[in-house]
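Take a look at the structure below.
Where a number appears in this text, it was derived from the coordinates with a stated rule and is not lab data. The model shown is predicted, which means the values in this text are computed figures rather than measured ones. Glycine gets a Cβ as well: all are built from the backbone with ideal geometry, and neighbour counts include every protein chain shown.
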Amino acid sequence: MAALNPEQWRVLSPFLDQVLCLPENERQAWLHSFRTQRPDLVDTLLQLLENHRELSADHFLNSCRATSSLH
Amino acid sequence: MDVQPNLLSLIDSVERGDTSCANALFSTLYAELRRLAARELARQGVPLSLSPTTLLHQAYIEIAPREGPSFPDRARFMGYAARVMRGLIIDHVRSRHAQKRGGQFEITSAPTDFEHAVDDRELTRISGALDELAEVEPPLAQIVDLRFFCGFTFAEIAAMKGISERTAQRQWEKARIYLHRKIRSDLEV
């Protein structure tokens, strides 16, 4: 998996905000529209949403806190 | 109480973009938080325990009035202090196997029970990725400091930063995406 460089992230960040605001059942329509508007970005945005599904399934940062390591 | 007299000027300098003052600011806050923790723990007696959230609140309550009316708002203080708290926690985790616990102050988790402890190396990787995120999109990194390292709830973070709880949650999700991708890509190198 390639890391995004800072400029890529800054470009994608507002679109990620938009799509994360939507309920799951509205995202496909939004992404379809986005593909026509920004074909250069849509695949990377889809990867980020897939990353989100994976990390949610892994409970990444959610099932623990750093401070629990202090015990 | 001996509060560092230059805390306000250091924060002002960093706010104006003078990044050369950032290390001095964090060192000053770091020393102050350690001192507050040690004093509070001595007052509490055994068993020694102090949550990061309690420590940050205590620090703000004690420092803010002494810095005068122009002290930056609570949100900015908490942002800086939360980052300093991350440094405290990382340092503590790194050194915990080398130190005898007697006589050392110990930061404990918030009252919530957590399923798993974070591996020390994972914690270091998260912190490194978080430093990078702080350069790219600072509000996201601050959310992680406040939630993951200090244990604040979304409601508390939203109130602190003057944003809606929903926005705080969305920023948290974005930060998780960034950090997860960054850590995984680093591990694959």
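Sort through B:Arg147, B:Arg170, B:Arg125 and tell me the only one that's assigned to a helix (DSSP H, G or I), of a type in the set (Lys, Arg) and closer than 20 Å to B:Ser51 by Cβ.
Details: B:Arg170 fails: closer than 20 Å to B:Ser51 by Cβ; B:Arg125 fails: closer than 20 Å to B:Ser51 by Cβ.
None of the other options fit; the residue is B:Arg147.
Can you pull out the residues in region A:6-38 that are touching a Phe, Trp or Tyr at 6+ places or on another chain (Cβ under 8 Å), closer than 24 Å to B:Ala134 by Cβ, crowded, with 16+ Cβ neighbours inside 10 Å and not β-branched (Val, Ile, Thr)? It would help to see each step written out before you state the result.
Initially, region A:6-38 is screened for residues touching a Phe, Trp or Tyr at 6+ places or on another chain (Cβ under 8 Å), giving A:9, A:15, A:18-19, A:22, A:34, A:38.
Among the residues that remain, those that are also closer than 24 Å to B:Ala134 by Cβ are: A:9, A:15, A:18-19.
Keeping just the survivors that are crowded, with 16+ Cβ neighbours inside 10 Å gives A:9, A:15, A:19.
If the condition is that a residue be touching a Phe, Trp or Tyr at 6+ places or on another chain (Cβ under 8 Å), closer than 24 Å to B:Ala134 by Cβ, crowded, with 16+ Cβ neighbours inside 10 Å and not β-branched (Val, Ile, Thr), then A:Trp9, A:Phe15 are the ones that fit.
Using beta carbons and a limit of 6 Å, which pairs, at least six apart or on different chains, have the first residue in region B:163-188 and closer than 14 Å to B:Ser127 by Cα and the second one aromatic (Phe, Trp, Tyr) and surrounded by fewer than 22 Cβ atoms within 10 Å (Cβ to Cβ)?
B:Arg176/A:Phe60; B:His180/A:Phe60
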